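Written out below as structure tokens is the structure these notes cover.
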Amino acid sequence: MNAPTSAVLRMDAVTRVHGEGATEVHALRSVSFGVHPGELVAVMGPSGSGKSTLLTLAGGLDSPTSGTVSVEGTDLEGLGAAGRARMRRTSIGYVFQDFNLIPALNAIENVALPLELDGVRTRTARAAARAALDEVGIGDLATRFPDHMSGGQQQRVAIARAVVGDRRLILADEPTGALDSDTGESILRLLRARCDAGAAGVLVTHEARHAAWADRVVFLRDGVVVDETGADSAEVLIDSGTPR
Amino acid sequence: MSVKQALLALLEEGPRYGYQLRAQFEQRTGSTWPLNVGQVYTTLTRLERDGLVVGAGADDEGHVVYRITDDGRDAVAAWFTTPVERTQPPRDELAIKLALAVTVPGVDVGAVIQQQRSATMSALQDYTRLKRQAEGGELSWSLVLDSLVFAAEAEIRWLDHCEARLRRAQIERPETLLDEILTEEADEEARR
């Protein structure tokens, strides 16, 4: 197991409260966990359990009321807004349920965008974007616009955009929600492969079948981590002949 | 489980002896339901008694080989063309446990549900890992794995459903509501 310090994402006693007084809502209560390189962690829970809040905080899009969120050892709060924005362009990749591609840009332009925003020269950015598209298996669709792609293809572009420039933290919010089950599975296979290649992934989902691709599953209820599964040896389980 | 029909179906491919049948059964089902060789031989004896297989002598190494009969072929065909019976629901320990947990006083049903959800999720993770490893391998084994995946997934969905219904019941249960109203009224009384 990796030492705690090597975690790509670390949340320590993170609490997020929305509103004040009578309308106060605790979206997260003292949540702690880490995600290491090579690891995919799934977060499961019913709607309103705090899954999306957790991901928003991990991505530096929102700040905790108390506790700390660190990405690659850096406390996001200490970075300030500009530093966090830079972190999002260089270290954190986001994958959404509805893909969030820019319709006026073609596939390669969508993928190159975060690099170009970060000041990378167009030619270099395009080359990296091309490599990322190849990696997710749609290098031949580089000049296609999102409207002319299937949902699965658009999500592949989104994953390429999330990993371009060797970003090591991938945050996926119900990435298979808008896809049929076969396409969804191929997206999970990609996320899994990316984590196996050294990235750290957080997958928010309410589908057990999809969460099962993760190394660990964290269960959230009312903003609290109520349980977590590790990974038992599959062979032992099958050999015993009794799955339960 | 229908060891009888499964062995007959394997014998349709040609004469086999006990160890071969066991090996082929386990290969196709990924050793998910291990068979012991004693079970195989008792089943073969019963099949022979019923006229569905006949002993075809021993091979060079002395293994007793069995061959399927015409009646045996008919039995296999009937098995494949008849749906698996569902007249009696199979005994489901988890459903029984939860049914009792919600009625026996003093049981933390939420904890029972979560504990099971975690355990089933771990199993589902294991099946998914095996599926990834088995990619490009034998179709028969991968279909058995899919069956395990779907069953585990259904169980988790059912547990989620139980949890949601319990929560709703707790909110809607009139006596709880009455208790709350009474406490609130008492609080207000005290403040005045």
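The values are calculated or read from the model by the stated rules, or taken from the named source; none is laboratory data. As the structure is a prediction and not an experimental result, all values here were calculated from the model. Cβ sites come from the backbone with ideal geometry, for glycine too, and all protein chains shown count toward neighbours.
For this structure, a couple of remarks:
- Single unsatisfied condition, B:THR32 versus (1) in contact (Cβ under 8 Å) with a residue 24 or more places away in the chain; (2) not in a loop (DSSP other than H, G, I, E, B): (2)
- If you go through region A:91-109 and keep only what is crowded, with 18+ Cβ neighbours inside 10 Å and within 29 Å of A:VAL69 (Cα to Cα), you end up with A:SER91, A:ILE92, A:GLY93, A:TYR94, A:VAL95, A:PHE96, A:PHE99, A:LEU101.
- Within the option set A:ALA172, A:ALA178, being closer than 30 Å to B:PHE150 by Cα and part of a loop (DSSP other than H, G, I, E, B) holds for one residue only, A:ALA178.
- Pairs linking a residue in region A:60-72 that is part of a strand (DSSP E or B) to a residue that is acidic (Asp, Glu), with Cβ atoms under 6 Å and 6 or more positions apart or on different chains, are A:GLY67/A:ASP12; A:THR68/A:ASP12; A:THR68/A:ASP75.
- For region B:35-61, the set of residues classified as in contact (Cβ under 8 Å) with a residue 40 or more places away in the chain, of a type in the set (A, V, I, L, M) and out of contact with any helix residue (DSSP H, G or I) (no Cβ under 9 Å at 6 or more places or on another chain) consists of B:ALA56 only.
- Any chance B:GLY55 is more than 24 Å from A:ALA208 (Cβ to Cβ), within 14 Å of chain A (Cβ to nearest Cβ) and either small (Gly, Ala, Ser) or surrounded by 12 or more Cβ atoms within 10 Å (Cβ to Cβ) (or both): no
- Which listed residue, of B:VAL64, B:VAL102, B:VAL76, B:VAL107, is closer than 23 Å to B:ALA164 by Cβ, away from every other protein chain (no Cβ under 14 Å), in contact (Cβ under 8 Å) with a residue 40 or more places away in the chain and touching a helix residue (DSSP H, G or I) at 6+ places or on another chain (Cβ under 8 Å): B:VAL102
- When region B:136-181 is filtered for residues that are modelled with pLDDT of 85 or more, surrounded by 11 or more Cβ atoms within 10 Å (Cβ to Cβ) and farther than 25 Å from B:ALA99 by Cα, the ones remaining, listed by number, are B:SER140, B:TRP141, B:SER142, B:LEU143, B:VAL144, B:LEU145, B:ASP146, B:SER147.
- Any chance B:ASP60 is assigned to a loop (DSSP other than H, G, I, E, B), of a type in the set (Asp, Glu) and farther than 30 Å from B:ASP146 by Cα: yes
- Scanning region A:219-244 for residues that are buried (at least 19 other Cβ atoms within 10 Å of the Cβ), within 20 Å of the chain's Cα centre (by Cα) and either at the interface with chain B (Cβ under 10 Å from one of its Cβ atoms) or at pLDDT 95 or above (or both) yields a count of 2.
- Residue that is farthest from B:ARG67 (Cα to Cα) [pool: residues in region B:29-48 that are of a type in the set (Val, Ile, Thr) and surrounded by 15 or more Cβ atoms within 10 Å (Cβ to Cβ)]: B:THR32
- Residue satisfying all of: in region A:185-207; away from chain B (no Cβ under 13 Å), crowded, with 22+ Cβ neighbours inside 10 Å and not β-branched (Val, Ile, Thr); nearest to A:HIS36 (Cα to Cα) among these: A:ALA200
- Tally of residues being closer than 30 Å to B:TYR17 by Cβ and among the β-branched types (Val, Ile, Thr) across region B:61-107: 8
- Candidates are the residues of region B:113-136 that are among the small types (Gly, Ala, Ser) and over 19 Å from B:GLU155 (Cα atoms); the one that is nearest to the other protein chains (Cβ to nearest Cβ) is B:ALA134.
- Flag if B:ASP70 is within 13 Å of another protein chain (Cβ to nearest Cβ) and either farther than 22 Å from B:ARG28 by Cα or among the hydroxyl-bearing types (Ser, Thr, Tyr) (or both): no
- The residues listed here are A:ASP166, A:ASP147, A:ASP173, A:ASP134; of these, the one that is under 28 Å from A:PRO46 (Cα atoms) and acidic (Asp, Glu) is A:ASP173.
- Residues satisfying the stated conditions in region A:110-142, i.e. surrounded by 23 or more Cβ atoms within 10 Å (Cβ to Cβ), aliphatic (A, V, I, L, M) and part of a helix (DSSP H, G or I): A:VAL111, A:ALA112, A:LEU115, A:ALA125, A:ALA129, A:ALA132, A:LEU133
- Whether a residue is at pLDDT below 90, more than 19 Å from the chain's Cα centre (by Cα), surrounded by fewer than 12 Cβ atoms within 10 Å (Cβ to Cβ) and within 13 Å of chain A (Cβ to nearest Cβ) was assessed, and B:GLU185 does not pass this test.
- Residue ID - surrounded by the fewest Cβ atoms within 10 Å (Cβ to Cβ), chosen from residues in region A:144-169 that are part of a loop (DSSP other than H, G, I, E, B) and in contact (Cβ under 8 Å) with a residue 12 or more places away in the chain: A:SER150
- The listed residues are B:ARG91, B:ARG86, and the only one of them that is part of a loop (DSSP other than H, G, I, E, B), within 14 Å of chain A (Cβ to nearest Cβ) and more than 30 Å from B:GLY137 (Cα to Cα) turns out to be B:ARG91.
- So A:SER32, is it surrounded by fewer than 15 Cβ atoms within 10 Å (Cβ to Cβ), out of contact with any Cys (no Cβ under 8 Å at 6 or more places or on another chain) and either part of a loop (DSSP other than H, G, I, E, B) or touching a residue at least 40 places away in the same chain (Cβ under 8 Å) (or both): yes
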